[in-house]
1. State whether the residues of region 17-38 include one that is open to solvent by 70 Å² or more (accessible area, probe 1.4 Å), of a type in the set (Lys, Arg) and within 24 Å of Thr177 (Cα to Cα).
2. Looking at Lys193, Lys185, which is the one that is part of a loop (DSSP other than H, G, I, E, B) and open to solvent by 80 Å² or more (accessible area, probe 1.4 Å)?
3. Exactly one condition in (1) exposed (fewer than 12 other Cβ atoms within 10 Å of the Cβ); (2) assigned to a helix (DSSP H, G or I) is false for Lys65; which is it?
4. Can you tell me which condition Pro11 does not meet? The list is (1) free of Cβ contacts under 8 Å to residues at least 40 places away in the same chain; (2) crowded, with 16+ Cβ neighbours inside 10 Å, and all the others hold.
5. How many residues are more than 27 Å from Ala128 (Cα to Cα) and surrounded by fewer than 20 Cβ atoms within 10 Å (Cβ to Cβ) if we restrict to region 75-108?
6. Would you please list the contacts, defined by Cβ atoms under 7 Å and residues six or more apart or on different chains, that run from a residue in region 45-61 that is of a type in the set (D, E, K, R) to a residue that is open to solvent by 40 Å² or more (accessible area, probe 1.4 Å)?
7. Would you mention how many residues in region 88-106 are assigned to a helix (DSSP H, G or I) and closer than 18 Å to Val6 by Cα?
8. Of the residues Asn164, Asn170, which single one is within 17 Å of Asn17 (Cβ to Cβ), open to solvent by 50 Å² or more (accessible area, probe 1.4 Å) and in contact (Cβ under 8 Å) with a residue 24 or more places away in the chain?
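The values are calculated or read from the model by the stated rules, or taken from the named source; none is laboratory data. What you are looking at is a predicted structure, and each value in this text was computed from that prediction instead of being measured. FYI the Cβ positions are ideal-geometry reconstructions off the backbone, even for glycines, and counts take in every protein chain you see. These accessible areas exclude ligands, DNA and RNA; they are computed on the full protein's heavy atoms, side chains included. Shrake-Rupley method; radii C 1.70, N 1.55, O 1.52, S 1.80 Å.
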Amino acid sequence: MKKIVVINGHPDKENLNSAIVDSYINSAKQNGSEVRYIAIGALDFNPNLQFGYSQRMELEPDLVKALEDIKWSEHTVWIHPMWWLGMPAIMKGFFDRAFLPGITFKRDEKGITEGLLKGKTGRIITTAGDLSLTLYKEIYKSSGLVQLKEGILAYCGISPIESNFIGPLNELNESDTLQWLKKIKHLALLDSK
């Protein structure tokens, strides 16, 4: 049985991202995985890392629990909308506050960084309202994906990381949406193996 944590980075629960979450979780459970869920927008925490790394802020209970779930998992699934070519502010605040030195990565005396989430795999599912995958890759060089995949998750030891892009949402009809949700179920099946 695979241990999967699904993290929803959308601050509002009434959206396509929530339908993607539900589709993924239901399929993963049907395929024998144990699943935990983190809705970042529902967590109670200050997303502002007020003092940078110069002074440690105490982690709120919701952040402690979220980190426990991430550390418990074997596979992490990050589902989020793309706003201004990146993740929503609350999701970035989650990383700023929770993914700290000594918790998700460490540096030795030579300055070499080691990810403390080694042994975990990942999947990123990004939704985009009015941007196509071609434009995202060619014009914007997949900047938001690079930030999340390489700059955060891989840096903290998660590897390999698969990614999926759904967009532009503004052009999807009901049939397209159902096809994507079906594909999400299949991705959860693959991730559960």
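1. Checked region 17-38: at least one residue is open to solvent by 70 Å² or more (accessible area, probe 1.4 Å), of a type in the set (Lys, Arg) and within 24 Å of Thr177 (Cα to Cα).
2. Lys193
3. For Lys65, the failing item is (1).
4. The one condition Pro11 does not meet is (1).
5. Count: 8.
6. Listed pairs, sorted by first residue: Glu60/Asp44.
7. Residues in region 88-106 being assigned to a helix (DSSP H, G or I) and closer than 18 Å to Val6 by Cα: 7 in total.
8. Only one candidate passes the filter, namely Asn170.
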